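Below: the structure, in structure tokens.
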Amino acid sequence: MALSEQFLEEDLHPIDIVEHLAEHHDWDFDRIGDDQIAMAVEGQWRTYSITLAWSNYDETLRMVCSFEMEPPADRETELYKLLNKMNDQCWAGAFTYWANQKLMVYRYGLVLAGGQTASPEQIDTMITAAVLSAERYYPAIQLVTWGNRDPEDAMQVAIAEAYGRA
């Protein structure tokens with residue numbers, strides 16, 4: 001059964017859909033309010049903190065996927081160079097480093113203007129893409145911040161997207 005089949009007759013709030021997905025995937029989550037949910041999604045490298053929030057003002061479902069990171073101060077310039085290279089390869093979403101909070105962040109906004117609704121598949125793909133992107137670039141981030149590697153060199157070890165089946 002497709003994820004959306006159970007929602008065909010209902011007009012659910014996007015955060016209600018996220019809550020159902022979190023239950024479906026057995027992710028730990030906390031419904032912070034009517035318009036916001038936070039969850040923990042286990043990856044290969046890290047457990048990622050993912051927050052989704054609905055904004056009625058601009059009809060956007062915003063997602064932030066983050067993990068803690070405290071790079072040495074003398075490596076921050078190289079980290080920002082790496083982020084530019086990573087973002088050049090990301091077509092949906094973008095990475096940033098929030099230095100004050102000491103968080104590496106992947107952000108994405110799904111615009112649903114004009115009363116559009118998000119399907120469970122869209123939201124599930126959004127979350128999956130965030131985790132896969134973080135997993136793909138995590139080794140490069142570590143090499144630049146802790147291995148003193150050059151961003152161009154570190155990008156060579158970023159896990160490439162696989163096509164087909166093994």
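The values are calculated or read from the model by the stated rules, or taken from the named source; none is laboratory data. On a predicted model such as this, the values are computed, not experimentally measured, just so you know. Positions of Cβ are generated from backbone atoms using ideal geometry, with glycine treated the same way; all protein chains shown enter the neighbour counts. For the accessible areas, the whole protein counts, side chains as well, though only heavy atoms, and no ligand, DNA or RNA atoms are used. Shrake-Rupley method; radii C 1.70, N 1.55, O 1.52, S 1.80 Å.
Points to keep in mind about this one:
- When residue 154 is tested against (1) in contact with a strand residue (DSSP E or B) (Cβ under 9 Å, 6 or more places away or on another chain); (2) open to solvent by less than 50 Å² (accessible area, probe 1.4 Å), exactly one condition is not met: (1).
- Condition met for residue 116 (touching a residue at least 40 places away in the same chain (Cβ under 8 Å) and open to solvent by 80 Å² or more (accessible area, probe 1.4 Å)): yes
- Residue 159 falls short on exactly one of the conditions (1) in contact with a Lys or Arg (Cβ under 6 Å, 6 or more places away or on another chain); (2) of a type outside the set (Asp, Glu); (3) more than 13 Å from residue 64 (Cβ to Cβ); (4) modelled with pLDDT of 95 or more, and that condition is (4).
- Of all residues making up region 53-69, the number that are without any contact (Cβ under 8 Å) to a residue 40 or more places away in the chain and farther than 21 Å from residue 19 by Cα: 2
- Out of 27, 54, one residue alone is open to solvent by 10 Å² or more (accessible area, probe 1.4 Å), in contact with a Leu (Cβ under 6 Å, 6 or more places away or on another chain) and of a type outside the set (D, E, K, R). It is 54.
Quick grid of which residues meet (1) open to solvent by less than 40 Å² (accessible area, probe 1.4 Å); (2) touching a residue at least 60 places away in the same chain (Cβ under 8 Å); (3) under 20 Å from residue 49 (Cβ atoms); (4) β-branched (Val, Ile, Thr):
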| site | (1), (2), (3), (4) |
| --- | --- |
| 71 | yes, yes, yes, no |
| 76 | no, no, no, no |
| 92 | no, no, yes, no |
| 99 | yes, no, yes, no |
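- The set of residues from region 30-50 being hydroxyl-bearing (Ser, Thr, Tyr) and either on the phi > 0 side of the Ramachandran plot or surrounded by fewer than 17 Cβ atoms within 10 Å (Cβ to Cβ) (or both) comprises 47, 49.
- Residues that are free of Cβ contacts under 8 Å to residues at least 24 places away in the same chain and over 19 Å from residue 158 (Cα atoms), drawn from region 43-52: 49, 51
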